[in-house]
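Each remark here refers to the structure printed beneath this line.
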Amino acid sequence: MRPRRYGDVGQAFPIYITVVGGLLFLAFAYFAVGQAAANRNDAQTAADAAALAAAQDRRDQLAGAWVQNLVDPTMWQGIFDGEAEGLSLSCWRADQLAAQNDAVVLSCLPDGPLGYTVTVETNDTVGDSIVPGTEDEKSTETATAVIEPRCGFKPSTGEAAEDTLPLLTCEGTEWELDPEDPEELLPKPEDLFDVHLAPTD
């Protein structure tokens with residue numbers, strides 16, 4: 001019976017090697033998937049930061065335009081709708097934030113007057129793995145950031161309308177603006193506009 005027992009052990013050894021080899025293959029496959037997922041996450045982080053930076057720069061420009069036209073309330077609504085003269089593209093900020101997140105901007109476009117859509121690609125590749133052809137693969141992701149006005153106002157009426165600025169209400173906070181001293185206690189850009197990422201499908 002003893003030789004038969006040794007024979008069973010000999011037959012089981014190849015099965016053991018096969019099972020161990022299969023488990024190692026699965027482990028390397030899961031590692032490769034994890035590498036790819038981490039690279040995509042890095043790309044999405046860079047895209048989010050780049051889109052937000054571009055939108056925030058546009059917000060700051062709109063806030064500056066509002067200050068310049070403070071004593072002309074007829075211009076306010078257009079500015080809150082994202083329309084103002086002299087606005088420049090804000091993609092340079094997207095480039096900066098993408099670079100800080102080790103990525104490069106592939107495209108940066110205004111998404112209407114109140115938003116930016118940015119697509120970035122990671123500088124890093126997925127790296128060596130057991131999946132052929134992935135070692136040089138980079139990740140590409142897209143994000144959109146939108147600007148939403150936080151304020152409303154009602155034009156002044158009556159005989160004193162020309163000498164009185166409208167009461168500006170920004171999400172419950174009221175700003176009484178003095179045309180004689182318009183730069184006193186002005187709302188900040190973040191008081192006038194909210195910037196956030198658009199939900200993804």
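The values are calculated or read from the model by the stated rules, or taken from the named source; none is laboratory data. Since we're looking at a predicted model, the values are computed, not measured. All Cβ positions, even for glycine, are placed from backbone atoms using ideal geometry, and neighbour counts span all protein chains on display.
Any idea which of Leu114, Leu97 is closer than 18 Å to Val195 by Cβ and in contact with a Lys or Arg (Cβ under 9 Å, 6 or more places away or on another chain)? Among Leu114, Leu97, only Leu114 is closer than 18 Å to Val195 by Cβ and in contact with a Lys or Arg (Cβ under 9 Å, 6 or more places away or on another chain).
For residues that are in a helix (DSSP H, G or I) and at pLDDT below 95, tally how many sit in the stretch 91-109. Total meeting the criteria: 0.
If you go through the stretch 144-164 and pick out every residue that is at pLDDT 90 or above and of a type outside the set (S, T, N, Q), you end up with 9.
Where residues in the stretch 38-61 are of a type in the set (Lys, Arg) and in contact with an Asp or Glu (Cβ under 9 Å, 6 or more places away or on another chain), which of them is surrounded by the fewest Cβ atoms within 10 Å (Cβ to Cβ)? Walk me through it before giving the result.
So in the stretch 38-61, the residues of a type in the set (Lys, Arg) come out as 40, 58-59.
So of that shortlist, the ones also in contact with an Asp or Glu (Cβ under 9 Å, 6 or more places away or on another chain) come out as 40, 59.
Working: Arg40: 15, Arg59: 23.
So the residue we want is Arg40.
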